[in-house]
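Read-outs: derived from the displayed coordinates by stated rules, not from any lab. Remember, it's a predicted structure, so these values are computed and weren't measured experimentally. Cβ sites come from the backbone with ideal geometry, for glycine too, and all protein chains shown count toward neighbours.
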Amino acid sequence: MRNLIVSDILRILKKKTYWIVLGIVLLLSVVSILQSRTSVFTNIISQRTNIQNTGSVILGICIFLSVYADEFSSRSMQCIIGRGLSRSKLQIAKFLDCVILTINSYVLWAIWVMLLNLIFRTNMGSFETTVLYTTFFTSALQAISYATISAIFLYKSSNVAAATVIEILFYIVFYTFIHMISSSAPLAPLIILERNSLTGKLNSIYTSIILGQSSIGLIANVIIVFVGGALIISILIFRKKELEF
């Protein structure tokens, strides 16, 4: 399984598409800084918005497609299973591919943003720096979570396009819809639904870190319930899936 993970990561890193998308994300960071140099406050808001709403959507979808799409499109997954690797180990390997690629991508992105802030002398203090890098952390955790949940639909249907649409809906529509309803009709069930949704949990993690409070329990909750739960569901679904060779 280790050899599979290494070969997958090397395969993805050789793809021009991945580097083009990452280059676009890095370029957007430059634009966000240049457009908001009037004050430290507007600068940090612009950078945080870019990380959450633009960069993470583009990068997250790219990582999802890079890890999962090729396997289903080329049917190489069937060949790997035919050689003796169990389905569950294959799925765990794909999950680890996603985690490794996401962490590496976001660390590289965070380093790039740090250098940009030094070059353009944005004069961020310790609080603004905490805000910025907490945003990177929660966005990376969000990307891993969304990809793992979307993989459930991919393993169920073997339809890359449909699973990608689900991934996009998670990023752009799902939480916005819940937040809009709970804001317009602040009923207890809707507020509870929003707070216990994945993005609601991620927002709580962000707030806890910014306020200097412990967020270990919240992070563990997201990893165990959302990420771990989605991975287990995927394994159970794919175990009974008939594969076409």
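Remarks
- Estimated distance in nm for a label pair at ILE172 and LEU34, the labels positioned 7 Å out from Cα along Cα-to-Cβ: 2.6 nm
- Applying 0.36 nm per residue to the separation of LEU115 and ASN159 and subtracting their alpha-carbon distance, the gain on full extension is 11.8 nm.
- Summarising the label geometry, the points placed 7 Å from Cα in the beta-carbon direction at ILE224 and LEU85 lie 3.0 nm from one another.
- Mean Cβ neighbour count within 10 Å, used as a protection proxy, ranking 57-70, 110-123, 151-164 highest first: 57-70, 151-164, 110-123
- Once the chain from ILE216 to ALA69 is taken as fully extended at 0.36 nm per residue, the excess over their C-alpha distance is 49.6 nm.
- Distance violations [Cα-Cα > 23 Å] among LYS16/LYS240; LYS89/LYS240; LYS14/LYS240; LYS94/LYS201; LYS14/LYS94; LYS15/LYS156: LYS16/LYS240; LYS14/LYS240; LYS94/LYS201; LYS15/LYS156
- Highest average packing first - 10-17, 214-221, 195-202, 92-99, Cβ atoms within 10 Å: 92-99, 195-202, 214-221, 10-17
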